[in-house]
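In what follows, a structure is listed as C-alpha cells, so that the remarks can point back to it.
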Amino acid sequence: MRALLDANVLYPTILREILSDLAWAGLFQPLWSARILAEWRHAAARLGDEAAAVAGAEIALLRLRFAQAECDGQGIAAIDLDFPDPSDRHVVEAALAGRADLIVTANLRDFPPRIMAGLGLRAIHPDAFLLELHRRNPVAVRAALEAARARVSALGGGMDMAEMLKRCRLPRLARAVKIEPG
C-alpha cells in the first residue's frame, strides 16, 4: 500500500516517528513531496529558528531513510477540481504522481470523498490509518508505539502511553491496543 503523508502527520514528531517505523517495517510505502516537507519546516519555524533547524535535520534524515518516497506534486490532474482549500491541490497532485492508494491527513474536510473517489484516492485520518495497520499487524504497531514511547522517555518526556496517544489524537488506536486514558 502506498500512502501519501500530509504535512500535518509528519509534524508532530511522535506521530511521524510511529508512521515512519511502520513504513520501515514494511506495512506501507510512504510518499510525500518537497512542498509537503517545506510545509512541515514552515510549521516548525513558527516556534523559532531552533525548531526550524531541527525540522531541517529531521527532514534530511527522513529523506535518507526513505530515498524513494519523494514524488513530484506539480501536475495538473486536480487543477480544475473544486477543493474546499485550493492550496491543498498539491497534496492530491503528489498522491497521483506517486500512485498513492490514499492520503493520510488530519484535515479530512479538505479532501471531499466525492472528489477523491473520482481520482481513485481516499483520504484517511491517521487514527483510522493506524487502526487499519493494527488490524493487519498488531505486533508491529505495538512495537512502533513502544519505540516512540521510549524515544519520548529518553528525551525527558514524562508521559505514559495513554497520554502520548491522546496528544497524537489517536483515541481509536488507543482503544484497539487496550490503553486506557490516564
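Only the coordinates and a few stated rules stand behind these numbers; no lab work does. Note that the coordinates shown come from a computational prediction; the quantities given were computed from them, not determined experimentally. Neighbour counts run over all protein chains shown; Cβ positions are idealised from the backbone, glycine included.
When the Cα positions of Phe83, Leu155, Ala55 are compared along the charge dipole of the chain, Leu155 comes out farthest toward the positive end, with charges on each C-beta of Lys, Arg, Asp and Glu.
For the modelled label position 7 Å from the Cα of Ser87 along Cα-to-Cβ, which residues of the range 39-55 have backbone nitrogen atoms closer than 12 Å? Within reach of a label on Ser87, which here means backbone N under 12 Å from a point 7 Å along Cα→Cβ, the range 39-55 contributes 39-40, 42-43. Rg and Dmax, both from the Cα atoms of the chain and both in Å, are 16.1, 48.
In this simple spin-label approximation, Arg151 and Lys166 carry label points 7 Å from Cα along the Cα→Cβ vector, and these lie 2.2 nm apart. Counting 0.36 nm for each residue step from Leu119 to Arg142 and taking away their Cα separation leaves a gain of 5.0 nm.
Magnitude of the charge dipole for the range 2-130, about its Cα centre and with charges confined to Cβ atoms of Lys, Arg (+1) and Asp, Glu (-1), is about 220 debye. Only helices enter the 222 nm calculation for the chain: every DSSP H run of n ≥ 4 contributes -39,500 (n - 2.57), and dividing by all residues gives -16500 deg cm²/dmol, rounded to 500. Note on the range 131-175 and the range 1-74: Cα centroid distance 18 Å, given to the nearest whole angstrom. Structural size metrics of the range 38-137, computed from C-alpha coordinates, are Rg and Dmax of 15.1, 42 Å. Relative to the current alpha-carbon distance between Arg135 and Ala34, full extension at 0.36 nm per residue lengthens the span by 33.3 nm.
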